[in-house]
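To keep things clear, I will list the structure first and then write my remarks on it.
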Amino acid sequence: MKLAGLALAAALATTVHAIPIPSHTKAADQTLCGQWDLTISSPYTLYNNLWNLAAGKGSQCTLLSNSWDSGISWKTSWSWTYNKDSVKSYANAVTSVNEKKLKDINNLDSVWSWSYTGDDIIADVAYDMFTAPSTSAANQYEVMIWLASFGGAAPISDTGRPIATPEIAGKAWYLYKGHNGDTTVFSFVAPTHLTDFSANIMKFLRHLVEHQGVPDDQVLKPIGAGTETFTGSNAVFSTSKYNMILS
């Protein structure tokens, strides 16, 4: 992702996979304010994830509001200043998918209901996932699904323009392609805010297999869902319902 017209060196691979791991806490009204704080409510792990804390000044806390058999709800409150072209954090719920190959996954059914308030917010709301040739190989592709963009936030793109406008899950999307180091990044961006979203996420991945040359034997890594923050004040991102079910 980037602020419109400005490329970012956003190391999202670290936001999901390679962050320092403190001692785990069990989910029950957990408030996470530390840089790498997390709480587990299986099959979800909720991260505060201030992965680029040094790029700005401010604070952020994430609260696990509730959890049930198949889903969770949470709230992230934040204020960040300085370097509006740099992501500061990606508070997100991560779902393990047992690192299966794309061709071996039938469905990734997800429901996500959310809201956002605040002043002068630059942020996005997005799913984020990576694939690799094997479980031990470096990530080769990153796939993001943006349900909303605020304040000019825009995805990583080699040209600044979408490469296609596919219809997936009954909605039109702008598809962008770019590169973050050796990783090819595909971003599906909704033209309007989708605050009550329900879809089979595999439809997006199948589109890339069928139309963009992504091999179907790529291994899918854990899937994140949350908000990337740039700058703003008194911001509150609330997820009232979220789930991700693999079959």
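Selection of the range 209-236 for residues being part of a strand (DSSP E or B), under 17 Å from the mean Cα position of the chain (by Cα) and surrounded by fewer than 23 Cβ atoms within 10 Å (Cβ to Cβ) yields only V236. Do any residues in the range 208-222 that are farther than 19 Å from A164 by Cβ and in contact (Cβ under 8 Å) with a residue 40 or more places away in the chain have Cβ atoms under 8 Å from those of residues that are β-branched (V, I, T) and part of a loop (DSSP other than H, G, I, E, B), where the two are at least six apart or on different chains, and which pairs are they? Within 8 Å, the pairs are V219/T135; L220/V97; L220/I105; K221/V97; P222/V97.
Listed here are the residues, each with its yes/no results for (1) part of a loop (DSSP other than H, G, I, E, B); (2) in contact (Cβ under 8 Å) with a residue 60 or more places away in the chain; (3) in contact with a helix residue (DSSP H, G or I) (Cβ under 9 Å, 6 or more places away or on another chain); (4) closer than 14 Å to T239 by Cβ.
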{"position": "L46", "(1), (2), (3), (4)": "no, no, no, yes"}
{"position": "D69", "(1), (2), (3), (4)": "yes, no, no, no"}
{"position": "I72", "(1), (2), (3), (4)": "no, yes, no, yes"}
{"position": "S79", "(1), (2), (3), (4)": "no, yes, no, no"}
{"position": "V111", "(1), (2), (3), (4)": "no, yes, no, yes"}
{"position": "S115", "(1), (2), (3), (4)": "no, yes, no, yes"}
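Hey, any hits in the range 99-116 for a residue that's touching a Gly at 6+ places or on another chain (Cβ under 9 Å), surrounded by fewer than 14 Cβ atoms within 10 Å (Cβ to Cβ) and more than 24 Å from D217 (Cβ to Cβ)? No: zero hits.
Being over 22 Å from S136 (Cα atoms) and of a type outside the set (S, T, Y) narrows it down to one residue among P215, P191; which is it?
Answer to the check: P191.
Which residues, taken from the range 166-207, are under 16 Å from Q218 (Cα atoms) and charged (D, E, K, R)? D182, K203, R206, listed by residue number. Once the range 48-67 is narrowed to residues that are part of a strand (DSSP E or B), of a type outside the set (G, A, S) and crowded, with 17+ Cβ neighbours inside 10 Å, the residue that is nearest to the chain's Cα centre (by Cα) is T62.
Throughout, read-outs are computed from the coordinates displayed, never taken from laboratory work. For clarity, every value in this text was computed on a predicted model and none was experimentally measured. Cβ coordinates were reconstructed from backbone atoms using ideal geometry, including for glycine residues, and neighbour counts include every protein chain displayed.
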